[in-house]
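Notes follow once the structure below has been shown.
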Amino acid sequence: MDIKNICRFGFVGLLWLGLVYYILMNAKPTFTTYFSIIASGIIVFVPMYKKYIKNKKD
């Protein structure tokens, strides 16, 4: 994995963590909130993993 992909993962990860922090500090913690956070993490990181890490190993 080259430096561009590491920076891309880092930037998207930090942005996602910042938004999660904002949501948790300003929203009432319910099951829907936690489900939305988990679902958004899957939607964001799984395609990136498949594109940049899994395909580079083949």
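Summary table below
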{"item": "Computed accessible area, F35, all protein chains, 1.4 angstrom probe, square angstrom", "result": "120 Å²"}
{"item": "Spatially close lysines, pair count over the chain: Cα under 30 Å, gap of eight or more or interchain", "result": "5"}
{"item": "Degrees separating the helix 3-26 axis from the principal Cα axis of the chain, which is the longest one", "result": "0 degrees"}
{"item": "C-alpha long axis of helix 31-49 to longest principal axis of the chain, angle in °", "result": "10 degrees"}
{"item": "Sum of -39500 (n - 2.57) over DSSP H runs of 4+, divided by residues of the chain (222 nm, nearest 500)", "result": "-26000 deg cm²/dmol"}
{"item": "Extension gain (nm, one decimal) between S36 and V20, 0.36 nm per residue minus Cα-Cα", "result": "4.8 nm"}
{"item": "Heavy atoms of Y22: accessible area, 1.4 Å probe, square angstrom to 10", "result": "140 Å²"}
{"item": "Diffusion constant of the chain at 4 °C, which comes from Stokes-Einstein with the Kirkwood Cα-pair radius and 1.567 mPa s, µm²/s", "result": "102 µm²/s"}
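The values are calculated or read from the model by the stated rules, or taken from the named source; none is laboratory data. Remember, predicted model here, so these are calculated numbers, not experimental data. Accessible surface areas use protein heavy atoms only, side chains included; no ligands, DNA or RNA. Shrake-Rupley method; radii C 1.70, N 1.55, O 1.52, S 1.80 Å.
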